[in-house]
Amino acid sequence: MKKSRKAQVRRITIDEKLSDDLVRFVVCSLKQGVENFIDRDEDWEEEREELLQSRDYTQMFGIMAEEFPWETLKEGQVFLLGGFEVIGDRTAPQCFKVNPGRKELLRIDNLEEFKEEIKYLYSEIMKRR
């Protein structure tokens, strides 16, 4: 019997540049069983911190390191990396769909939908004070 392939999709956030050669990343994987997703907390496993030096970056993130060299990383950038496809326009996606046959990379913190969600969450936090 053929075993089905499970796509690995990770959300990677550039949390803090600690020095020119050390960055703290926050990484989480898509929860098992999720097929269509956006950037909702309930779609993702618990976040974990990864401290990386530039020499480890390429090995850890492969395609991401090719398209976003170490020197270009900035705090607050958020990426999706792995076996998924974009549903809709890449600049304004409706959602993302797991696809084990693909290897995608997409920066999402600069997408309008993502920015609107951050504004909403910030507003909700401020109301609670």
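Things worth noting here:
- Any hit, the stretch 85-92, residues being more than 17 Å from V9 (Cα to Cα) and among the acidic types (D, E): yes
- If the condition is being in a strand (DSSP E or B), more than 15 Å from D109 (Cα to Cα) and in contact (Cβ under 8 Å) with a residue 24 or more places away in the chain, then the stretch 42-96 contributes W44, E49, E50, L51, L52, Q53, G82, F84, I87.
Every number here is computed from the coordinates shown, using simple stated rules; none is lab data. The structure presented is a predicted model; accordingly, all values stated were derived computationally and were not measured. Note that each Cβ is placed from the backbone with ideal geometry, even for glycine, and that neighbours are counted across all protein chains shown.
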